Amino acid sequence: MYELERKCQENYENELLMELSSIRKVFGSNRVLDDVNLSIGRGEAIAIIGPSGTGKSTILRIIAGLLAPDGGEIYVAGQRRVGLIDDSPDPIRIGMVFQQAALFDSLSVDENVGFFLYQHSRLSRSEIRRLVEESLEMVGLPGIADRYPAELSGGMRKRVSFARAVIPNPENPRDRPDLLLYDEPTAGLDPIASTVIEDLIREMQRGQACGSYVMVTHQESTIRRTADRVSFLHQGKIQWSGSVSEIDATDNALVRQFFSGSVKGPIHVVG
């Protein structure tokens with residue numbers, strides 16, 4: 001019995017949630033992605049890094065099904081995706097946390113976090129409110145459901161967006177995301193607020209709010225504290241992949257220049 005449970009756990013951890021194969025994307029004359037390959041396994045924490053304007057957020061939108069590639073194939077839990085997320089649902093749920101939190105300014109925190117449930121479920125307002133408060137408690141923001149985004153700090157708004165991304169739906173437990181996408185989750189935050197967000201991302205992963213995520217970030221502390229595996233994107237291609245522990249040991253000139261902040265190297269400084 002123990003051996004069977006162990007094998008089941010190994011199969012779960014080794015499950016491939018998504019695979020991007022030879023993905024290409026062109027905007028006008030600009031080839032943003034050029035034969036990008038990326039695999040995302042269950043339980044993985046992946047950071048996509050690289051210079052600004054190299055297509056990192058484009059990859060996130062493609063993974064989320066919000067943007068279609070111009071070439072290549074996408075497999076979600078082994079099934080080939082055709083079209084966008086609105087064309088046919090994926091076999092797994094993917095949640096996205098946007099760079100600017102993307103809260104509705106005219107709605108309260110309660111209405112922002114519970115937005116999907118208020119719009120698309122038959123749950124009572126009291127039940128949704130209870131779920132909202134539980135989600136806010138999970139991200140360390142109890143008692144703020146009646147505030148508005150303008151009354152919150154930048155770090156608090158980020159955490160509210162996390163609560164919205166992972167709020168459960170009792171009518172359909174599958175609505176809890178299998179994969180979360182973070183677009184610059186610590187951008188614009190001071191070092192202390194960044195640490196709070198970084199710790200929260202890891203705590204949410206360990207607490208199974210969502211055990212797998214892909215993150216775009218430029219911030220070194222966020223890369224080192226929240227990622228297990230790093231993929232370096234430059235000139236439309238994944239130029240290097242490795243674990244966080246390999247960053248300081250690699251002889252890849254792109255990675256070394258990126259983390260040193262040097263203006264000298266293969267990454268050309270614009271302006």
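Equivalent ellipsoid of segment 75-130: semi-axes from √(5λ) of the C-alpha gyration tensor, largest first, are 28, 16, 9 Å. The count of lysine pairs in the chain that are at least 8 places apart or cross chains, and whose C-alpha atoms lie under 20 Å apart, stands at 4.
The angle separating the long axis of helix 125-138 from the principal Cα axis of greatest extent in the chain is about 40 degrees. Based on the Kirkwood approach, the hydrodynamic radius assigned to the chain is 19.7 Å, with every pair of different Cα atoms included. Backbone amide hydrogens, once placed in the peptide plane, bring Lys237 within less than 5 Å of Asp34, excluding anything fewer than 5 places away on its chain. Using Cβ point charges alone (K and R +1, D and E -1), the dipole size of the chain about the Cα centre works out to roughly 400 debye. Scalar couplings 3J(HN,Hα) for segment 245-262, obtained by applying the Karplus form with A = 6.51, B = -1.76, C = 1.60 to θ = phi - 60°, are 5, 8, 4, 6, 9, 6, 9, 5, 5, 5, 5, 5, 5, 4, 7, 7, x, 6 Hz; x denotes Gly and Pro.
Could you pull out the longest piece of the chain with no exposed loop trypsin sites (Lys or Arg not before Pro) in it, calling a site exposed if DSSP puts it outside H, G, I, E, B and it has at most 14 other Cβ atoms within 10 Å? For trypsin sites (Lys or Arg not before Pro) (loop position, at most 14 other Cβ atoms within 10 Å), the longest site-free span of the chain is 123-263. Normalised Debye scattering of segment 94-176 at q = 0.19, 0.22, 0.23, 0.27 Å⁻¹ gives log10 I(q)/I(0) of -0.74, -1.01, -1.10, -1.49, counting only Cα atoms as equal scatterers and leaving out solvent. Say R0 is 22 Å: what FRET efficiency, to the nearest 0.05, do Phe104 and Asp190 get from their beta-carbon distance? Once rounded, the FRET efficiency stands at 0.30.
Measuring r between the beta carbons of Ser241 and Leu16 and using R0 = 22 Å, the FRET efficiency lands at 0.90.
For the chain, the 222 nm mean residue ellipticity estimated from helices alone, with every DSSP H stretch of n ≥ 4 adding -39500 (n - 2.57) and the total spread over all residues, rounds to -9500 deg cm²/dmol. Among His268, His218, the order by Cβ neighbours within 10 angstrom, fewest to most, reads His268, His218. Multiplying the residue separation of Ser221 and Glu73 by 0.36 nm and subtracting their alpha-carbon distance yields 50.0 nm.
With N as its number of residues, segment 1-145 has a Cα radius of gyration that, divided by 2.2 N^0.38 Å, comes to 1.30. Phi-derived couplings, Karplus 6.51 cos²θ - 1.76 cosθ + 1.60 at θ = phi - 60°, listed residue by residue for segment 150-165: 5, 8, 10, 6, x, x, 5, 4, 4, 5, 4, 5, 5, 4, 5, 5 Hz, with x used for Gly and Pro.
Normalising the average separation of contacting C-alpha pairs (under 8 angstrom, six or more residues apart) by the number of residues puts the relative contact order of segment 32-183 at 27 percent. Remark: segment 94-176 carries a charge dipole of roughly 200 debye about the Cα centre, counting +1 on each Lys and Arg Cβ and -1 on each Asp and Glu Cβ.
Rule-based calculations on the coordinates, nothing more; no lab input. All of these numbers come straight from a predicted model, not from anything done at the bench. Neighbour counts run over all protein chains shown; Cβ positions are idealised from the backbone, glycine included.
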